[in-house]
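The values are calculated or read from the model by the stated rules, or taken from the named source; none is laboratory data. Here the structure is a predicted model, which means the values were calculated and not measured. Cβ coordinates were reconstructed from backbone atoms using ideal geometry, including for glycine residues, and neighbour counts include every protein chain displayed. For accessibility, only protein heavy atoms count, side chains too; no ligands or nucleic acids. Shrake-Rupley method; radii C 1.70, N 1.55, O 1.52, S 1.80 Å.
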Amino acid sequence: MIYNEEFETLPSEALEALQLKRLKQVVERVYHTVGFYRRTYENAGVVPEDINSLDDLRTLPFTTKDDLKDNYPFGLFAVPMSNIVRLHASSGTTGKPTVVGYTKRDIDTWSVLMARSFAAAGLTKNDIVHNAYGYGLFTGGLGAHYGAERLGASVIPMSGGSTKKQLMILQDFGPTAICCTPSYLLHLAEQGRVMGIDVKSLNLRVGILGAEPWSERMRDEIEKRWDIKALNIYGLSEIIGPGVAMECLEGRSGMHVFEDHFIVETIDPVTGAPVPPGEEGELVFTTLTKEACPLVRYRTRDMSRLIKEPCRCGRTLTRIARLTGRSDDMIIVRGVNVFPSQIESVLLGIEGLRPHYQLIVDRRKELDTLEIQVEVGEEIFSDEVKVLQGLERRIARDVKDYLGVTAAVKLVGPGSLERFEGKAKRVIDKRRI
Ligand code: DLL
């Protein structure tokens, strides 16, 4: 089913005309309301009047996560705080998160985009949606919640965690759709097996899964274990949250980008040069309708390719292929985005630790695990076991407090971790996704 038939099936000329009209408006607005854009455009020698075609977008500078960090927390907002009705945040590259704001109309736009996403998964107002994305600063929970309500479906605001309770609700309330990360859905199946629950016999029909990388292999596994259709949903807080792109039930290959609200480009992550459709590059998005935090040419660091071929579902929207990785070192552990630099700043705030560390990510019983190995000086390493254990606990607590992720910490003696001549390899990712 197509939620906004008119906008999701526009012929390309009409879509491009709409995009150009909206692009001109957004560039004009950020230039006049956000100091950051005014400065970067002046430095680049461009003015809003230079935008006369969609191709002219390429003359504008990129926006990066560092720009958001430099303007922390509200420096990129294009409206006064009195017009902001909601704030969300995701991990930044340092201890500080990336903050985004929404006006009333932004929340409305986002709800519609999520309603479109659910409709693409075949949902209607007759469905019951079990929403196990985390509620809070993370955009997954509330994003999916408002979208399901907008569609008129019945939403169960489960949030994350409490796996046994989730299984009880799945059995008792009989939801027809589930929203969560793909790894969590596998974990739920695993826990169900332990509890003797036949998850295949539940009422579930479809999973709307995203927020972390996953593979076709994982899709097969999920579909087999649950006897449901598993669909991919993509988004990021900076652009709006989930609902930037969504797979449809009919195509199930690549996610339709809601191009009446976003322009998507792919670029070479090293040179910034455009990459043609069909070839892999870094995804870059421009928001066309967002009021509170419009972003022009935002570099996502997510790697994918554009699919321009028509889709069986009838939507004319460009698709993005399943993401293949990132062009930076961000990892996603149990749905939480983590940059090694964030862990580093926690470690360096603790006395006695040396600046040599390694992060080992693995997946056990379908759950991500993170181990932090960090070197300590000789004077500490030769101390009593009790002292070492106390320090490990303190590090784990600080990491949990600052980053919201659970880690096992292992202190190692001076010189025991590998040294690197060039770029240090901080992350060993053993997950077979
Ligand atoms: O993860 C928004 C979201 C919530 C998407 C629920 C889908 C479902 P952030 O916390 O800002 O927002 O993290 C965004 O997560 O840049 C990708 O690297 C990764 N990501 C999101 N969806 C997918 C996906 C939400 N389907 C970052 N496949 C993005 C692979 C994904 N990676």
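For the range 86-146, the Kirkwood estimate of hydrodynamic radius, built from reciprocal distances between every pair of different alpha carbons, is 12.8 Å. Per-residue accessible area (protein heavy atoms, 1.4 Å probe) orders THR369, THR286, THR324 as THR324, THR369, THR286, starting from the largest. The range 344-372 and the range 128-183 have Cα centres spaced 30 Å apart.
Computed from point charges on the beta carbon alone (+1 for Lys and Arg, -1 for Asp and Glu), the dipole magnitude for the range 81-328 about its Cα centre is near 360 Debye.
Out of every Cα-Cα pair that the range 322-433 contains, those further apart than 19 angstrom amount to 45 percent. Semi-axes of the equivalent ellipsoid of the chain are 36, 30, 19 Å, computed as sqrt(5λ) over the eigenvalues of the C-alpha gyration tensor in descending order.
Do me a favour and compute the ellipsoid semi-axes for the range 243-354 from its Cα gyration tensor, root of five times each eigenvalue, largest one first, whole Å.
They are 32, 15, 15 Å, listed from largest to smallest.
Of the listed residues MET168, MET303, MET255, the order by accessible area with a 1.4 Å probe, largest first, is MET168, MET303, MET255.
Only the Cβ atoms of Lys and Arg (+1) and of Asp and Glu (-1) were treated as charged; on that basis the dipole of the chain about its Cα centre amounts to roughly 960 debye. Using only the alpha-carbon atoms of the range 81-328 as identical scatterers, what base-10 log of I(q)/I(0) does the Debye formula give at q = 0.14, 0.15 Å⁻¹? So the normalised log intensities are -0.92, -1.05. For the pair ARG419 and LYS365, a Förster radius of 35 Å applied to the C-beta separation gives a FRET efficiency near 0.55, rounded to the nearest 0.05. Take each peptide in 10-18, 134-142, 237-245, 60-68, count the other Cβ atoms within 10 Å of every residue, and average; sorted highest first, the result is 237-245, 134-142, 60-68, 10-18.
Less than 25 Å apart at the alpha-carbon level, and either on another chain or at least 8 residues along: which lysines does that give for LYS65? Within the straight-line cut-off, LYS65 pairs with LYS24, LYS96, LYS104, LYS290, LYS400, LYS423, LYS425. Give, as ranges by residue number, the residues of the range 306-332 whose backbone N falls under 19 Å from the point 7 Å along Cα→Cβ of GLU6. Within reach of a label on GLU6, which here means backbone N under 19 Å from a point 7 Å along Cα→Cβ, the range 306-332 contributes 315-317. Take the Cα of LYS224, step 7 Å along the line toward its Cβ, and report every residue of the range 393-433 whose backbone nitrogen sits under 17 Å from that point. Counting only backbone N, you get 432-433. Summary of packing: across the peptides 48-59, 149-160, 416-427, the per-residue average of other C-beta atoms within 10 Å ranks them, highest first, as 149-160, 48-59, 416-427.
Between TYR37, SER304, TYR402, the Cα set farthest toward the positive side of the dipole of the chain (charges on each charged residue's Cβ, about the Cα centre) is that of TYR402.
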